[in-house]
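Here the structure comes first, spelled out in structure tokens, and everything after it is commentary.
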Amino acid sequence: MDKLLILGGSPLKGEVTISGAKNAALPIMASTLLAQGIHTLKRIPKLKDVSTMAELIKKMGGIVEFNELCKINTLKINKFEAPYELVKTMRASILVLGPLVARFGKAKVSLPGGCAIGARPVNLHINGLEKMGAKISLQEGYIIAKASRLIGAKIYFDIPTVTGTENLMMAATLAKGTTIIENAAKEPEIVDLANYLILMGAKIQGAGTSIIKIEGVDDLNPPQEYEIIPDRIETGTFMAIAGACRGDIILKGCRIDHVDAIILKMKDAGISFKETKNGIRVIGPKRLQAVDIKTMPYPGFPTDMQAQFMAMMTVANGTSVIKETIFENRFMHVAELRRMGADITVEGNTATVRGVKKLKGAPVMATDLRASASLVIAGLIAEEETLIDRIYHLDRGYEELDKKLIQLGARIKRIK
Ligand code: EPU
């Protein structure tokens, strides 16, 4: 298992190009199952989760090739199953459920188990498909879904679920009649997926708002080449890195309109931003100011940036109160940050971070993707060496993070 060795304290300067968004790439890859033919996708990030989605599509009879572009051939899809071995390594595998039932009338998808950040049920995905007429049963840990043809329905989400919205939006594209999803999630990745579906011939209105209307069509066709949006969480992570390490970093190719909440909170913490021709320059202050955050569905402050923001706050001037409202167990990084000298207490869904002058390197363990990113930030701030174990979590969601950091002057080494 690879580890990362970081020698902290270097000021980070230079340019970094933001990769394609993992959480847009995964649903868009799953959506290729809706239309028979060859799909050509641009800016698909090279990540473990993306290879897992490719594996899933291949297991179903698809052909997936990665070069400059990602080509997915869905001409011979003949198996409609997502096995436990793959689903257990990536929960986003559930995204094949909607497309499979919609196009082939059947699907067998392993039920994802709990995960490090919370229980994360998929009841809202299942209830929505049932409303659309699918017959669903649970057998030996698998969701078995059947429908001769899905029918349009009115669906209300108790919680605006991101992948739930994506799954049902995909399913509804081929249903008979109109589907309305109320209290839908509004994340930019949903808009990106909707844009791809629309290019395939789907009729979707309102993606990016809380009410999405989908009029079902009889079939969809692969469009011309499509470019995935840049990753807003990678963008925010590099902003946190610049902010925490007195950095001066230009982020190229990012979408500033997708990171509004992050920028506003970071400005409060003393980080400066200057828009450039194709991105944004981020300059960290001598010492950060403590700022409170509360995670919320988009356009609120993203839960996927909570751990990285907390790492910054460990060395800020003052006390920061961090409230996690999306997942019930997303503070696994706290214990590791404490091992590096951070002063953090947790009560329920609230962490109180009292800023210290400095962190000290220590051996630590990555527990999930964004927690790993927070440990990288802490390692970059800390005096002396930090050794991060289990960085396969990082490789699931950040494209060549260590290489990008080395380009910026970080002293970081991957130990095989
Ligand atoms: N929820 C339910 N029932 C459901 C679905 C969700 O109770 O059927 C609850 C969840 O337990 C959670 C809340 O609703 O408390 C919101 O979860 P959501 O379904 O929106 O999360 P997700 O779709 O499983 C996506 C991202 C996550 C990101 C969350 C929240 C993808 C592939 N994953 O997950 O990304 O944290 O939305 O923004 O898009 C990451 O990239 O590190 C990551 C975990």
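The values are calculated or read from the model by the stated rules, or taken from the named source; none is laboratory data. None of these values were measured; they are calculated from a predicted model. Don't worry about glycine lacking a Cβ; one is built from the backbone with ideal geometry, like all the others, and counts go over all protein chains shown. Heads up: the accessible areas ignore ligands, DNA and RNA and are worked out on the full protein's heavy atoms, side chains in. Shrake-Rupley method; radii C 1.70, N 1.55, O 1.52, S 1.80 Å.
Worth pointing out:
- Rounded to whole numbers, the Karplus 3J(HN,Hα) couplings from phi for segment 55-62 are 4, 4, 5, 5, 4, 8, x, x Hz, using 6.51 cos²θ - 1.76 cosθ + 1.60 with θ = phi - 60°, and x at Gly and Pro.
- Segment 1-56, accessible surface, carbon-and-sulfur percent (1.4 angstrom probe): 54
- Per residue, segment 164-321 exposes 36 Å² of solvent-accessible protein surface, assessed with a 1.4 angstrom probe and all protein chains in place.
- Charge dipole magnitude, Cβ of K and R +1, D and E -1 - the chain, Cα centre, debye nearest 20: 340
- Backbone HN-Hα couplings from phi across segment 261-273 [Karplus 6.51/-1.76/1.60, Hz, Gly and Pro as x]: 4, 5, 5, 4, 5, 6, 4, 4, 7, x, 7, 9, 10
- Taken about its Cα centre, segment 26-124 carries a charge dipole of roughly 80 debye when the Cβ of each Lys and Arg holds +1 and the Cβ of each Asp and Glu holds -1.
- Reachable lysines, given that their alpha-carbon falls under 24 Å from the alpha-carbon of LYS360 and they are not under 8 places away in the same chain: LYS3, LYS13, LYS286, LYS403, LYS404, LYS413, LYS416
- Shape category assigned to segment 352-396 from the gyration tensor of Cα positions, a/c cut at 1.5: oblate
- All Cα pairs of segment 40-157, percent lying beyond 24 Å: 30
- Probe 1.4 Å, protein heavy atoms only - accessible area per residue of segment 1-103 in square angstrom: 38
- Loop sites in segment 54-88: GluC sites (Glu not before Pro), DSSP, at most 14 other Cβ within 10 Å: GLU68
- In the chain, the calculated helix contribution to ellipticity at 222 nm averages -9000 deg cm²/dmol per residue, counting -39,500 (n - 2.57) for every DSSP H run with n ≥ 4.
- The loop-placed GluC sites (Glu not before Pro) in segment 112-186, going by DSSP, that have at most 13 neighbouring Cβ atoms within 10 Å of their Cβ come out as GLU140.
- Segment 268-405: C-alpha gyration tensor shape, a/c 1.5 cut-off, then a/b vs b/c: rounded
- Unit Cα scatterers, Debye sum, segment 127-237: log10 I(q)/I(0) for q = 0.11, 0.13, 0.24 Å⁻¹: -0.37, -0.51, -1.30
- Size-normalised alpha-carbon gyration radius of segment 161-300, reference 2.2 N^0.38 Å: 1.28
- A 1.4 Å probe run over segment 351-416, with the rest of the protein chains in place, finds 42 Å² accessible per residue.
- Amide H contacts under 5 Å for ILE143, placed H, 5+ residues apart: VAL109, SER110, LEU111
- Vicinal HN-Hα couplings computed from phi for segment 307-319 (Karplus, 6.51 cos²θ - 1.76 cosθ + 1.60; Hz; Gly/Pro x): 5, 5, 5, 4, 4, 4, 5, 4, 10, 7, 7, x, 10
- 5 angstrom amide H check on LEU359, placed H, neighbours 5+ away: GLU383
- Solvent-accessible area of segment 246-322 (1.4 angstrom probe, protein heavy atoms only): carbon and sulfur portion equals 49 percent.
- Label-to-label distance for LYS277 and GLN36 is 4.7 nm, based on points extended 7 Å past Cα in the beta-carbon direction.
- Three-way shape label, segment 283-338, alpha-carbon gyration tensor, a/c 1.5: oblate
- Here the scattering of the chain is modelled by Debye summation over its C-alpha atoms, one equal scatterer each and no solvent; at q = 0.13, 0.14 Å⁻¹ the log10 of I(q)/I(0) is -1.08, -1.21.
- In percent, rounded to a whole number, the relative contact order of the chain is 21, using alpha-carbon pairs under 8 Å and six or more apart.
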